[in-house]
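Reviewing the structure listed below.
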Amino acid sequence: MHRCLTHPIAKPVVFVLACLPFAWLLWAAVADQLGANPAEALIRSLGDWSLRFLVLVLAITPLRVLAGWPALARFRRMLGLFVFFYVCMHLLAYAWFDMGFDPAAMVLDVIKRPFILVGTTAWLLLLLMAATSFNRAIRALGARRWQLLHRSVHVVAALAVLHFFWMRSGKNDFNEVAVYAAILGALLGWRLWRRYGRRPPA
């Protein structure tokens, strides 16, 4: 496995695989294969893929440690940027199909609907992380401040689950929400245990 993860072609392969969901959704939209309500299907599918990539990014460190695959860290930055990409596409689809690119309507919607406010807040945090995901930003901010900023991915995960929960509350359908909440909760719980739970008492 280590040899596969460190192979020069590994990153291009992961990049192509990460693009496939968007390519499929784009084709389905053009070919009118998204069902009776294509706009809603596209918005929700992009949101689902945003959550899936967020889970994947947060799973990298536990897998790297538990499976003994340190080379997995090579893919964390790229997959983190794919989280931002899919969230941007989710936001773009909402702004286009639901709001007609009307800024005033979008601001009013953020004020009126809490789940839109929560989603927008998560996007802003991801924007900050994406903008500082390069080595020059690490040097400019300093390693400690950069790490503190990028640990806000845990806040993003909590906001994403809350956004999903409020969005599904109108239909009283929480099955998928519970699955994502359990997975993300386990991943964040593992980090807390690793950071605090293993320390010997003072």
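The values are calculated or read from the model by the stated rules, or taken from the named source; none is laboratory data. For clarity, every value in this text was computed on a predicted model and none was experimentally measured. Backbone-built Cβ (ideal geometry, glycine too); neighbour counts: all protein chains shown. Side chains are part of the model used for accessible areas, which takes the heavy atoms of the whole protein and leaves out ligands, DNA and RNA. Shrake-Rupley method; radii C 1.70, N 1.55, O 1.52, S 1.80 Å.
With R₀ set to 22 Å, the beta-carbon distance separating residue 40 from residue 63 gives a calculated FRET efficiency near 0.05.
Each residue of segment 48-57 is assigned a 3J(HN,Hα), and the resulting list reads 4, 5, 4, 5, 5, 5, 5, 4, 4, 5 Hz, derived from the Karplus form 6.51 cos²θ - 1.76 cosθ + 1.60 (θ = phi - 60°), x at Gly and Pro. Normalised by the number of residues in segment 78-202, the mean separation of alpha-carbon contacts (under 8 Å, six or more apart) gives a relative contact order of 22 percent. Between segment 150-197 and segment 72-97, how far is it from one alpha carbon centroid to the other, in angstrom? If you average the Cα positions of each part, the centres end up 17 Å apart.
Please find the FRET efficiency linking residue 179 to residue 135, where r is the Cβ-Cβ separation and R0 is fixed at 30 Å, and quote it to the nearest 0.05. For R0 = 30 Å, the calculated efficiency reads 0.25.
Each of (i) 11.5; (ii) 14.8; (iii) 15.7 is a candidate for mean projected area of the Cα convex hull in nm²; the one calculated from this structure is (ii). Under 15 Å from a label point 7 Å along Cα→Cβ of residue 74: give me every residue in segment 1-29 with its amide N that close. Answer for this model: 1-16.
Average accessible surface for the chain: 61 Å² per residue, computed with a 1.4 Å probe over protein heavy atoms with every protein chain in place.
For segment 74-192, the carbon plus sulfur part of the accessible surface works out to 70%, probe radius 1.4 Å.
Shown here is the pair-distance distribution of segment 1-73: with all Cα-Cα distances grouped in 5 Å bins from zero up to the longest one, the shares run 3, 14, 18, 19, 15, 11, 9, 8, 3, 0 percent. A simple packing score, the average count of other Cβ atoms within 10 Å per residue, orders the peptides 147-159, 93-105 as 147-159, 93-105, with the highest score first. Along the Cα-to-C-beta direction of residue 196, a point sits 7 Å from the Cα; which residues of segment 154-176 have their amide N less than 16 Å from that point? Of the residues in segment 154-176, 154-155 have backbone N under 16 Å from the label point off residue 196. Computed per residue of the chain from DSSP H runs no shorter than four, each worth -39500 (n - 2.57), the mean residue ellipticity at 222 nm is -24500 deg cm²/dmol.
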